[in-house]
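Undergrad: Below is the structure I would like to discuss, written out as structure tokens.
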Amino acid sequence: AQAAIFASGTGSNFQAIMETENLLCDVVLLVCDKSDAAVVDKAKNHGVPTFIFNPKDFESKADYERVLLEKLRERDVSWIFLAGYMRIVGPVLLDEFPARIVNIHPSLLPAYPGLDAIGQAYEAGEDTTGVTVHYVDDGIDTGPIIEQQEVPIYADDTKGQLTKRIQRAEHNLYPQVIQRLVERDG
Ligand code: GRF
């Protein structure tokens, strides 16, 4: 199966997916909405073609998503994995890829959706947080949950230490879930 990864930032999850042994899908495209994002260099290093777009060049989400859809069709993409893609996916893509757009989020959803989920859990004084892989719907971090992994928060943690622990969990969980989904649904 062919997959596209959508990302806006650092791309550590992109990298973790690319470094998965015997990955069951071909990552044939990185879609990125920020030309200076570090993930663009990571894609280059892995030989993954990148499509960069600037949302401001379009009148609407539907307009740029129609362009993305064309790129995805050209490469026969059947899975979209969001990895730090900082935009809400609209109906043009959602209707074309039902239960085929997946996201990872650094909290135990439905707790702490949205921005800085790690900081939200840390500031709230939780002793457990985690990561969630879920199907994408038209909300922010609201779609059906596929799998979660708990991550402890220790009393003397700094936010930086917690962030590292969460990232390790993400880089472990996301590739595993991708393997299972692709194996099951092709
Ligand atoms: C991750 O924490 C992911 O859960 C969230 O955005 C972050 C992306 O990090 N959706 P990276 O760009 O993969 O390093």
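Undergrad: Could you please rank Phe14, Phe53, placing first whichever residue has the fewest other Cβ atoms within 10 Å of its Cβ?
TA: Least crowded to most crowded, the residues run Phe53, Phe14.
Undergrad: On to the next question. What relative contact order, as a whole-number percentage, does the stretch 93-169 give when Cα pairs under 8 Å and 6 or more residues apart are counted?
TA: Computed over the stretch 93-169, the figure is 31 percent.
Undergrad: Still on this model: Taking 8 Å as the Cα distance limit and 6 or more residues as the minimum spacing, I'd like the relative contact order of the stretch 1-73 as a percentage.
TA: 30 percent
Undergrad: All other residues with a Cβ under 12 Å from the Cβ of Ile17 taken together, and with Lys, Arg as +1 and Asp, Glu as -1, what is their net charge?
TA: -3
Undergrad: Greater than 28 Å separation of Cα atoms is the criterion. Which listed pairs, Lys44/Lys159; Lys34/Lys71; Lys61/Lys164; Lys71/Lys164; Lys61/Lys159; Lys56/Lys159, meet it? Before the final figure, lay out each step's value.
TA: Numbers: Lys44/Lys159 31 Å; Lys34/Lys71 17 Å; Lys61/Lys164 33 Å; Lys71/Lys164 34 Å; Lys61/Lys159 34 Å; Lys56/Lys159 33 Å.
Over 28 Å apart, Cα to Cα: Lys44/Lys159; Lys61/Lys164; Lys71/Lys164; Lys61/Lys159; Lys56/Lys159.
Undergrad: Okay, next question. As a check on your grasp of the helix formula, calculate [θ] at 222 nm for the chain: sum -39500 (n - 2.57) over DSSP H runs of n ≥ 4, divide by the residue count, round to the nearest 500.
TA: Dividing the helical sum by the residues of the chain leaves -11500 deg cm²/dmol.
Undergrad: Also, I was wondering about something else. Over the Cα atoms of the stretch 1-96, what is the Rg over Rh ratio if Rh follows Kirkwood?
TA: 0.94
Undergrad: Okay, moving on. So what is the relative contact order of the stretch 2-185, in percent, for Cα pairs below 8 Å that sit 6 or more residues apart?
TA: Details: 322 pairs, mean separation 38.2, N = 184.
Relative contact order of the stretch 2-185: 21 percent.
Undergrad: Take the Cα coordinates of the chain, assign each an equal point scatterer, and use the Debye formula without solvent to give log10 I(q)/I(0) at q = 0.08, 0.12, 0.20 Å⁻¹.
TA: -0.24, -0.55, -1.47
Undergrad: Give the residue from Pro98, Gln179, Gln15 lying farthest towards the positive end of the charge dipole for the stretch 2-185; charges sit on Cβ (+1 for Lys and Arg, -1 for Asp and Glu) and the dipole is referred to the Cα centre.
TA: The residue sitting most towards the positive pole is Gln15.
Undergrad: What are the GluC sites (Glu not before Pro) within the stretch 17-80 that DSSP puts in a loop, where the Cβ has at most 13 other Cβ atoms within 10 Å?
TA: When the GluC sites (Glu not before Pro) of the stretch 17-80 are filtered for loop state and at most 13 Cβ neighbours within 10 Å, Glu19, Glu21, Glu59 remain.
Undergrad: Now a separate question. So how do Ser35, Ser107, Ser78 line up by other beta-carbon neighbours within 10 Å, fewest first?
TA: Ser35, Ser78, Ser107
Read-outs: derived from the displayed coordinates by stated rules, not from any lab. Since this is a predicted model, take the numbers as computed values, not measurements. Virtual Cβ from ideal backbone geometry, glycine too; neighbours counted across all protein chains shown.
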